[in-house]
Amino acid sequence: MESLRNGLNGVCETKKNPPSVLERLLSIQSEIELITAKVHRPEGSCRLLPVSKTVSVDVMKRLCQNGQPLFGENKVQELKTKRDTLFAEGARWHFIGHLQTNKVKECIKNIELLHSVDRSELAIALDKTLQKEGRCLDVLIQVNTSYETSKFGIHPEVAVSFARDLVRFDTIRIKGLMTLAVSSSDQIKVRSCFQKLKVLSEAIQRQAIDGVEMAELSMGMSSDYRLAVEEGSTIVRVGQAIFGERSVPNSYYWNEG
Ligand SMILES: *Cc1c(COP(=O)(O)O)cnc(C)c1O
C-alpha cells in the first residue's frame, strides 16, 4: 500500500504541467518588480512587452482575454494579419522591427509606440504619412550600442544630432531610446551596452531639446532582461522566455531589411 502510494506520487510529479504562457508572463512581471525594488527604482517603472513574433493568434487571444493585451511585433506583414484577427479582442501593439519606408503606412495604423527609428529617410517617410493622416506618433530612436554590423540603429556618437534633426517633424514625438545588447555570453559586455544607452539618454535629456522626451529606455530581452532592468530599462521586450523557443534565430529578424 505504502509503495503504491509512493509510486502514484511519483507519477503525479512527472505529469505536473509545465507553466502556461500566462504563468510565465506573470512570473516575469513579478521578477521585474522584484529587481526594480532591489535597485531602488520606483514600483511600476519597468513594463514587460511580450514579443509575439511567430506566436499563434490563439495563444495571443487567450492572453488578451486574461488581461494581457499588449504585444510587440517585428514584421509588418505578421502585424497586419494578427491585427485583423485580434483587434476585436482589444489587442494593443508596439512595433520593434526594422521598418522599410514602403511599409510605413501599414505599420503605423494603430501601433502605440514605434521602437525603431534609425535613419532620417524613415523619419521623412513617417512624417509624410502622418501629415496626410493628420496625426502624431510616439517613437523611440534605435541606437546600435554594440556596433555589430548585424544590428540596426544609429551609432551612439550621432544620437544627439539625430534627435535634434528629428524635431523638425512635428508629427514625430520622441519618447526615448531603444537598443539590442551585444550578442555575447559575457555579462559585462552586455551590461555595458545598457549602461551606454542610459548615459546617452541622460546626455540627450541634458540638452533639453524642445519636444524631445527621454522617458523610455527600451532594452532587455529573454537572455538579458534582468541586467537591463538593473540598468534602468523602462520596457523589456521578451519573447522566448514567455512563449517558448523559436525555431527562427533572432538574427533572421535583425538582418532582414
Ligand atoms: C525578437 C526580438 C526580441 C525578443 O527576443 P527573445 O529572445 O524572444 O526574448 C526583442 N527585441 C527585438 C527587436 C526582437 O526582434
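The values are calculated or read from the model by the stated rules, or taken from the named source; none is laboratory data. Quick caveat: nothing in here was measured; it's all calculated off a predicted structure. So basically every Cβ, Gly included, is an ideal-geometry build from the backbone, and we count neighbours across all protein chains shown.
Brief remarks follow.
- Of the set (1) in contact with a helix residue (DSSP H, G or I) (Cβ under 6 Å, 6 or more places away or on another chain); (2) in contact (Cβ under 8 Å) with a residue 40 or more places away in the chain; (3) of a type in the set (Gly, Ala, Ser); (4) within 16 Å of the ligand (Cβ to nearest atom), all apply to residue 232 but (4).
- Selection from region 215-229 of residues that are within 8 Å of the ligand (Cβ to nearest atom) and either closer than 21 Å to residue 117 by Cβ or surrounded by fewer than 22 Cβ atoms within 10 Å (Cβ to Cβ) (or both): 221, 222, 223
- Residue list for region 172-214, restricted to those being assigned to a loop (DSSP other than H, G, I, E, B), more than 16 Å from the ligand (Cβ to nearest atom) and either in contact with a Ser or Thr (Cβ under 6 Å, 6 or more places away or on another chain) or not small (Gly, Ala, Ser) (or both): 186, 209, 210
- Within region 159-169, one or more residues are of a type in the set (Asp, Glu), surrounded by fewer than 15 Cβ atoms within 10 Å (Cβ to Cβ) and assigned to a helix (DSSP H, G or I).
- Some residue of region 32-43 being hydroxyl-bearing (Ser, Thr, Tyr) and under 15 Å from residue 220 (Cα atoms): yes
- Considering region 35-137, the qualifying strands (runs of 3 or more DSSP E), each wholly inside and each with 2 or more residues that are crowded, with 18+ Cβ neighbours inside 10 Å and out of contact with any Asp or Glu (no Cβ under 9 Å at 6 or more places or on another chain), run over 47-50, 70-73, 111-117.
- Reported count of residues in region 85-126, each being farther than 19 Å from residue 176 by Cβ and away from the ligand (no atom under 16 Å from the Cβ), is 17.
- The set of residues in region 75-105 that are of a type in the set (Asp, Glu) and more than 19 Å from the chain's Cα centre (by Cα) comprises 84, 89.
- Residue match in region 33-51 (condition: of a type in the set (Lys, Arg), within 30 Å of residue 102 (Cβ to Cβ) and within 16 Å of the ligand (Cβ to nearest atom)): no
- Considering residues of region 230-257 that are among the charged types (D, E, K, R) and surrounded by 16 or more Cβ atoms within 10 Å (Cβ to Cβ) only, the residue nearest to residue 158 (Cα to Cα): 231
- Condition met for residue 140 (within 16 Å of the ligand (Cβ to nearest atom) and assigned to a strand (DSSP E or B)): yes
- Test: residue in region 134-147 that is under 17 Å from the mean Cα position of the chain (by Cα), charged (D, E, K, R), within 27 Å of residue 239 (Cα to Cα) and at pLDDT below 95: no
- Filtering region 158-184 to residues that are basic (Lys, Arg) and more than 16 Å from the chain's Cα centre (by Cα) leaves 164, 168, 173.
- For beta carbons closer than 7 Å, sequence separation of 6+ or different chains, a first residue in region 179-207 that is in contact (Cβ under 8 Å) with a residue 24 or more places away in the chain and a second that is of a type in the set (Gly, Ala, Ser) and not in a loop (DSSP other than H, G, I, E, B), the qualifying pairs are 194/228; 200/159; 201/176; 204/159; 204/163.
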